[in-house]
Every structure is written in structure tokens, then in C-alpha cells.
Amino acid sequence: MLHPNWRELQIHETSPTIRAASLKLKTECPCFTYSYYNELMVLGSVQPQEGYRCENIEQMTFADESFDVFLAQDVFEHIFRPDRAIKEIGRVLKPRGSCIMTVPIVRKGNCSQRRASIGSNGNVIYNKQPEYHGNPINDSGALVTIDWGYDILDYFNYHSSLQCGMIYIDDLSRGIRAEFIEVLLCRKGVVPSL
């Protein structure tokens, strides 16, 4: 609906599992790119066997205003500095560009809660029992760093130049009713109409 000409756009996805929407984009959008953060690689380099680019969403190597659309499916609960990441997304989006993301909103109306952080010595500090989700490039999984609440929108609006809103569809006629189906839409220079 936002970008009906998506096949012609510069679209980037961070940390995708190449199936469903990601597979469709990879197959049908010639300018679709994707990246993972691999600590063993130099940022901005391409993994020779798998073909993905190495990027840290908190400090990307892309030029300013590189993408029309930036996708992040279930990524923001795994990063230590989401303030840096949302600011970086704003930097790499073109004017009127969109960031579309999913994030499990596990705390709903309660305030977001930090599960893990990085100490001054670079070690992980665990505020709660460690929890891991699947990771497309690491069988050990991805550490959950934040349990997000609906205040994620205030957080994103405060830490970025983007205008952020949330789409929540609960429609049994379409077979849509489940936990964690919120979609966040952040636009550069456009107030989202939801």
C-alpha cells in the first residue's frame, strides 16, 4: 500500500530469514539487499559463500539516503543500542522512505524492560535470566536484550528523525488473530497515516 512500485525500489533487510516476504523480495526486486551482523567479518564486507553483507545495525557502512525501504523483522529485541540503530535507519533512508519492522511487544501497556546490556568493559550484564531466539547465521541463537512495550513508539520518535506509528490488525475474517502481530511503520519526513 505504501510503495506499490516496490519492485523498482532500493530495499534493504537486516537479518532476514529468507522465506515468505523476504524470499519474494529477493526473487522479484532487483535492488533488494540484505545483511547480517557477523562479528568475525569486517563491516561492509560480503560473505563469499553465502553472499550476504556484514552490517551492524547500530553503525552501518551504507551511505546516507541509500534506501527507499528498510526492513527489520524481529531484530530490535536483540540489539544493545536501539537508540543508535533507529537513528542509523533514519540516516540511510531516502526522504519519504519507510522502515517497516516487527518487534514482539511482550510487555504491551507496561514500560519496556532491559534484559541485558553492555558494561563499560564490553561484557554483557544480565538484568534477567538470559533468553535466546533463533538466529539465521548462528545456531546458538540471538540474546534478547529488551522486552518491549508499546512505549517503543515514544522511544523511536525521541531517538530518531522518523515519525513512527503502529499497525495492529485483529481481523478474524482474514484469519488474523494472534500474539505479537504489531507492525511498526517509521517514515522519513512523512507522518504515517495508520
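Among the numbered criteria (1) without any contact (Cβ under 8 Å) to a residue 40 or more places away in the chain; (2) in a loop (DSSP other than H, G, I, E, B), which one does PRO104 miss?
(1)
With respect to GLY122, determine if the residue is more than 25 Å from ILE181 (Cβ to Cβ), in a loop (DSSP other than H, G, I, E, B) and not hydrophobic (A, V, I, L, M, F, W, C). It would help to see each step written out before you state the result.
Details: more than 25 Å from ILE181 (Cβ to Cβ): yes; in a loop (DSSP other than H, G, I, E, B): yes; not hydrophobic (A, V, I, L, M, F, W, C): yes.
Criteria met by GLY122.
In region 60-84, what residues are over 10 Å from the mean Cα position of the chain (by Cα), in contact (Cβ under 8 Å) with a residue 60 or more places away in the chain and outside any helix (DSSP H, G or I)?
ASP68, VAL69, PHE80
LEU25 fails exactly one of the following numbered conditions: (1) part of a loop (DSSP other than H, G, I, E, B); (2) surrounded by 20 or more Cβ atoms within 10 Å (Cβ to Cβ); (3) over 15 Å from the mean Cα position of the chain (by Cα); (4) not hydroxyl-bearing (Ser, Thr, Tyr). What is the number of that condition?
All conditions are met except number (1).
Could you tell me how many of the residues in region 14-73 are of a type in the set (Asp, Glu) and either modelled with pLDDT under 95 or touching a Phe, Trp or Tyr at 6+ places or on another chain (Cβ under 7 Å) (or both)?
Number satisfying all stated conditions: 3.
Conditions: (1) surrounded by 12 or more Cβ atoms within 10 Å (Cβ to Cβ); (2) modelled with pLDDT under 95; (3) more than 14 Å from HIS78 (Cα to Cα). ASP154 meets all but one. Number of the miss?
So the condition that ASP154 fails would be (2).
Taking LYS87 and the conditions (1) part of a loop (DSSP other than H, G, I, E, B); (2) in contact (Cβ under 8 Å) with a residue 40 or more places away in the chain; (3) surrounded by fewer than 22 Cβ atoms within 10 Å (Cβ to Cβ); (4) not hydroxyl-bearing (Ser, Thr, Tyr), which numbered condition does it fall short on, given that it satisfies the others?
For LYS87, the exception is condition (1).
Which of the residues spanning region 136-161 are more than 18 Å from ASP83 (Cβ to Cβ) and either basic (Lys, Arg) or free of Cβ contacts under 8 Å to residues at least 12 places away in the same chain (or both)?
Selection gives ASN138, ASP139, SER140, GLY141.
Does ARG107 count as surrounded by fewer than 19 Cβ atoms within 10 Å (Cβ to Cβ), more than 15 Å from the chain's Cα centre (by Cα), of a type in the set (D, E, K, R) and within 22 Å of THR14 (Cβ to Cβ)?
no
The values are calculated or read from the model by the stated rules, or taken from the named source; none is laboratory data. These numbers come from a predicted model, not from an experiment. Using ideal geometry, Cβ is built from the backbone for each residue, glycine included, and neighbour counts are taken over all protein chains shown.
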